[in-house]
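Student: Dumping the structure here so I can ask a few things about it.
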Amino acid sequence: MVPSSEIPWGALLILLPLAAAILCFVWPKLAVVTGVVTMLLLTLAVGGFAWQLQREGLYQHAVGGWETPLGIGLYGDGLSLLMLAMTVLVGLAITLYARSYFNQKQARVFWPLWLLLLAALNALFLSADIFNLYITLEMVGLAAVALVALKGGRDALNGAMRYLLATLLGSLTYLLGVALLYHSYGTVDLVLLAERIDNSPVVWAALGLMGAGLLLKTALFPLHFWLPAAHASAPAPISALLSALLVKASFYIFLRLWLVLFAPLGGDVALLLGLLGAVAILWGSWQALRQTRLKLLVAYSTVAQIGYLFVAFPLAAAAGAMLWNGVSYLMLSHALAKAAMFLAAGNLLLFGGHDRIAELDRAVQRLPISTAAFALAGVSIMGVPPSGGFIGKWLLLEAAIEQGYWLLAAVMVVGGLLASAYIFKVVGYAFTRSTATPEPQSIPMGMEWAALLLAIASILLGFTAPWVFALLGIGDPFGGGAP
Amino acid sequence: MSASDYLSVALLITGAVFFLAGTVGLLRFPDLYTRLHALTKADNVGLGLMIAGLALQAESWAVVGKLLLIWGLVLLAGAGVAHLIASGALKQGVRPWKK
Amino acid sequence: MEKVTLLIMLFDLLLGLGLLWLAWQLLESRNLFKAVVLFVAFGLLMALAWVRLDAPDVALAEAAIGAGLTGALLMAALAKLPSRDKSEPLADEKGHWLLRLALLLVAAGLGYVVHSLPESAPGLSAEIANNLASSGVNNPVTAVLLNFRGYDTLLELMVLMLALLGVWSLGIERSTREEPVGPVLTTLVQFLTPLLILVAAYLLWAGADAPGGAFQAGAVLAAAMVLLLLAGWPLQGLLTGVALRLMLVAGPATFVALAGLTLLDAQLLAYPPQHAGKLILLLEVAATLSIAVTLAALFLGYRPRTNKEPG
Amino acid sequence: MDMLYLGVAFFLLLNLLAGLWRVLRGPSAADRMLASQLFGTTAVAILLLLAERFATPALRDVALLFALLAAVTAVAFVRRIGSSHERQ
């Protein structure tokens, strides 16, 4: 028996879903069982990885036994761990939901795609090689496009096509930057690059290209144009994973590049990002408030919540690691809350056959679990205590006020108010009776509970901050320690 | 330069001339079928002469074999494809040019 | 690197300008068929450009994909479009000048940056040469793809699988009526197919020491299958169900299995040096099969119906 | 000799680019297809010349692929586009 400390949890996080994807591609009959079992094993693996990280510190593995720069290095610290945990938490709920959601024909394609997507995300969060990151990014993007197209029909195809073009443009722009960096410094390893990099036009061009590509994929205003259509037209579990996990994946790469490559070079870029973030908050929230369709409302809310992540950049130089802790927390709680919202919205849509907000028709009484899930997730999105969203937003707000960024602070507060407005708009209609009452469809219990459990988790996050921050500190991803 | 070098030069230049003729034909001839005719001259004769010129310089028989294989392939595929395109065009009612 | 003569410079200049001009013409083309032919010509010149950039491996891949498969794929796609869509103007011209201006600025900026790049790139060539002996192969490109950075290649194979799943998520087979095949086409196909298979095998085998390898071989093999499909061979009937899916995953599955086995030794994808050559050959054979069948299935454009599924 | 290989290759490249005029001009799809067949052969010749000039035998393999695969695109044209035009 191998001692559990020697089990290569990191590599298993990538290999397990890959092998499972192949298995359910070849034998579609085993797809659901394989998917569920793999998801449980992945949860176990993330637990094992966390334990290992806590005992031994930073995870580093030279793939193939070839040291960098020749080979590829796997790399894991507290931030990687947080992202892996986020993926597995949202993944569990989506797996539970998808088990009853898809018909047999769709399931045939869904399960291999979903497992490949999980593998790609895990590989992405464990990579410190900008070319390897490109490949994982491409995998994530293509899997997502295929999943958006899964529903079939004109809208889905249209959404998938837009998504494909946006994601390809993003990753090719990123790749161009990688090529420039490799040519100039002879390595694609992030750690080595950080040592070798200097202030030159090539570096700026490379970082500009990579940054622009990643921001397009993260859908930061004004590069968000593709997001609402794609996220709203996809089937509910797909919308959930697009909003909860995918935009975070490209944001994660952006954050890594920022921390080790961009930030030391300085410049006014941070301020620009902060301003774009602020506009995103206002624009996204306002658009969300104006929507008449539930799923579009939730999608625009994502545009706004992404804005919060970027407001942090101008504050970071003075605030240090605690601020990044706040951003990471915001990512995690948004992932849980937004996935819960999309799953709940999916239930409401399936139940009434439409997602017109004005005709939600007493959903509170008729579909209480899903409505509760939506409302609870809404609490976290608004940033009201004691939710996870509150912790993240509070840390940001505190830093903004301390440093005298009054405008940013004001925008964050207004964003919170607008969020409450659009959440209450939905909840309000869920209480009232509407004129048209179509025949309701029954919703499987698993789908309702998947949404509710996620929503509850996003609230509970409000109580776990010290513990999570301690884990986040492993390997010191944000440098400098607490201020 | 040896005698075989001179021969190579002559073959390569003649081959190039056939390619030129093929291109001029492609651009100037009045209809599909006559252009097809010009084209095959470049394919067959032009490339053939080039390959003969290069074969004289080849370092081994294996290279000569590969060169001849390439020429044979171009001949076969060119002839087949030209036939297919022409008969397709005829069926679709593209009329041959008449003076 | 040898001395660059004036003639070489002229050749390169003509090639570069030709590529730019072609790209512009093909983007401007309102006729989709014309754009397809221009794209095939672009691939041709691009292969020449790779040759001039000293990258024969890439030139081979470009030739296999660009000359054979892309053209066929685009033509088949074009034929599926309703004729109305072919003649319609593609997009309105309004606001395009702004986009063009922005693109020109980006291009100028990139041009400046590329101009300021260091003359000789540091690169990893020295590092690769030092370790080539223990990689199991003699072609540095194959060593990088299947040993030093084999993990990237494993994921790339998954990308190919994802692309196919993407196409399959769009729906299944629609029957199309085809014209009967004439004797000339039959002869041509009968002659070319075995040759293509032979050349694929040659490229696969050559990959260990010279330019070539799984991707190029797979693409050529795929071209053979596409040719058979075009000539009306009922390959769809043979390629269904578990057999098809097993061929599709042969490469990825072998790779993942190998990764799992090496993990037992605690080092992901570290081959024992004495077996490295054989393992790489095994991976290449499996990957060739998968790449070929995947590309052919992508050309088909739909998931072939299994026998049990109703029509 | 080296000068000659390059000179002829350059001349052929000029030829190829000139032939593009036929692709742009048409008028029929078959005309365009024909021109692209000529490009294939020209590229084969150029590659063989470059293989000799730069002593890179791998380029002959590239040429071999071009010679083999040019037919695939053409067959796709005849089988797919050729028949679809009839219906118009």
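Student: What is the one condition in (1) open to solvent by 30 Å² or more (accessible area, probe 1.4 Å); (2) modelled with pLDDT of 95 or more that residue A:125 does not satisfy?
Tutor: For residue A:125, the failing item is (1).
Student: Then there's this: Inside the range A:178-204, can you point out the residues that are in a helix (DSSP H, G or I), modelled with pLDDT under 90 and small (Gly, Ala, Ser)?
Tutor: A:184, A:194
Student: While we're here: Checking the structure you have, find out if any residue of the range C:55-68 is open to solvent by less than 50 Å² (accessible area, probe 1.4 Å), within 9 Å of another protein chain (Cβ to nearest Cβ), within 24 Å of residue C:300 (Cα to Cα) and touching a Ser or Thr at 6+ places or on another chain (Cβ under 9 Å).
Tutor: Yes, the range C:55-68 contains at least one residue that is open to solvent by less than 50 Å² (accessible area, probe 1.4 Å), within 9 Å of another protein chain (Cβ to nearest Cβ), within 24 Å of residue C:300 (Cα to Cα) and touching a Ser or Thr at 6+ places or on another chain (Cβ under 9 Å).
Student: Pairs, please: C-beta under 7 Å, at least 6 apart or cross-chain, first residue more than 7 Å from chain B (Cβ to nearest Cβ) and in the range D:6-19, second among the β-branched types (Val, Ile, Thr) and crowded, with 20+ Cβ neighbours inside 10 Å?
Tutor: D:9/D:46; D:13/D:46; D:16/D:42
Student: Right, something else. Can we say residue D:49 is more than 7 Å from every other protein chain (Cβ to nearest Cβ), touching a helix residue (DSSP H, G or I) at 6+ places or on another chain (Cβ under 6 Å) and either at negative phi or modelled with pLDDT under 85 (or both)? First the steps, then the outcome.
Tutor: Values: more than 7 Å from every other protein chain (Cβ to nearest Cβ): yes; touching a helix residue (DSSP H, G or I) at 6+ places or on another chain (Cβ under 6 Å): yes; either at negative phi or modelled with pLDDT under 85 (or both): yes.
Against the criterion (more than 7 Å from every other protein chain (Cβ to nearest Cβ), touching a helix residue (DSSP H, G or I) at 6+ places or on another chain (Cβ under 6 Å) and either at negative phi or modelled with pLDDT under 85 (or both)), residue D:49 qualifies.
Student: Right, something else. Which of the residues belonging to the range A:56-93 are open to solvent by 10 Å² or more (accessible area, probe 1.4 Å) and among the β-branched types (Val, Ile, Thr)?
Tutor: Once the filter is applied, which keeps residues that are open to solvent by 10 Å² or more (accessible area, probe 1.4 Å) and among the β-branched types (Val, Ile, Thr), the range A:56-93 yields A:68, A:88.
To keep it simple, each residue is scored yes or no on (1) of a type outside the set (Lys, Arg); (2) open to solvent by less than 10 Å² (accessible area, probe 1.4 Å); (3) within 14 Å of chain C (Cβ to nearest Cβ).
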residue	(1), (2), (3)
A:9	yes, no, yes
A:13	yes, yes, yes
A:23	yes, no, yes
A:35	yes, yes, no
A:44	yes, no, no
A:54	yes, no, no
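Student: Scan the range C:5-21 for residues that are within 25 Å of residue C:108 (Cβ to Cβ) and more than 7 Å from chain D (Cβ to nearest Cβ) and jot them down.
Tutor: Selection gives C:9, C:12, C:13, C:16, C:17, C:19, C:20, C:21.
Student: Moving on to the next point. Could you please find all residues in the range B:6-17 being open to solvent by 30 Å² or more (accessible area, probe 1.4 Å) and at the interface with chain D (Cβ under 10 Å from one of its Cβ atoms)?
Tutor: Answer for the range B:6-17, where residues must be open to solvent by 30 Å² or more (accessible area, probe 1.4 Å) and at the interface with chain D (Cβ under 10 Å from one of its Cβ atoms): B:9, B:13, B:17.
Student: Tally time: how many residues in the range C:275-302 are over 17 Å from residue A:66 (Cβ atoms) and over 27 Å from the mean Cα position of the chain (by Cα)?
Tutor: 0
Student: Please verify whether residue A:148 is buried (at least 24 other Cβ atoms within 10 Å of the Cβ), in contact with a Phe, Trp or Tyr (Cβ under 8 Å, 6 or more places away or on another chain) and β-branched (Val, Ile, Thr), treating the condition exactly as stated. Full working, then the answer.
Tutor: Working: buried (at least 24 other Cβ atoms within 10 Å of the Cβ): yes; in contact with a Phe, Trp or Tyr (Cβ under 8 Å, 6 or more places away or on another chain): yes; β-branched (Val, Ile, Thr): yes.
Criteria met by residue A:148.
Conditions tested, residue by residue: (1) within 24 Å of residue A:83 (Cβ to Cβ); (2) at pLDDT 95 or above; (3) part of a loop (DSSP other than H, G, I, E, B); (4) in contact with a strand residue (DSSP E or B) (Cβ under 8 Å, 6 or more places away or on another chain).
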{"residue": "A:20", "(1), (2), (3), (4)": "yes, yes, no, no"}
{"residue": "A:32", "(1), (2), (3), (4)": "no, no, no, no"}
{"residue": "A:38", "(1), (2), (3), (4)": "yes, yes, no, no"}
{"residue": "A:53", "(1), (2), (3), (4)": "yes, no, no, yes"}
{"residue": "A:60", "(1), (2), (3), (4)": "yes, no, no, yes"}
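Student: Out of B:81, B:94, B:63, I need the residue that is facing another protein chain (nearest Cβ under 8 Å), under 14 Å from the mean Cα position of the chain (by Cα) and of a type in the set (Val, Ile, Thr). Which one?
Tutor: On the way: B:94 fails: under 14 Å from the mean Cα position of the chain (by Cα); B:63 fails: under 14 Å from the mean Cα position of the chain (by Cα).
Among B:81, B:94, B:63, only B:81 is facing another protein chain (nearest Cβ under 8 Å), under 14 Å from the mean Cα position of the chain (by Cα) and of a type in the set (Val, Ile, Thr).
Student: For the range D:30-72, which positions are part of a loop (DSSP other than H, G, I, E, B) and crowded, with 24+ Cβ neighbours inside 10 Å?
Tutor: none
The values are calculated or read from the model by the stated rules, or taken from the named source; none is laboratory data. Fair warning: this is a prediction, and the values are worked out from it, not measured in the lab. FYI the Cβ positions are ideal-geometry reconstructions off the backbone, even for glycines, and counts take in every protein chain you see. Ligands, DNA and RNA are excluded from the accessible area calculation, which covers all protein heavy atoms including side chains. Shrake-Rupley method; radii C 1.70, N 1.55, O 1.52, S 1.80 Å.
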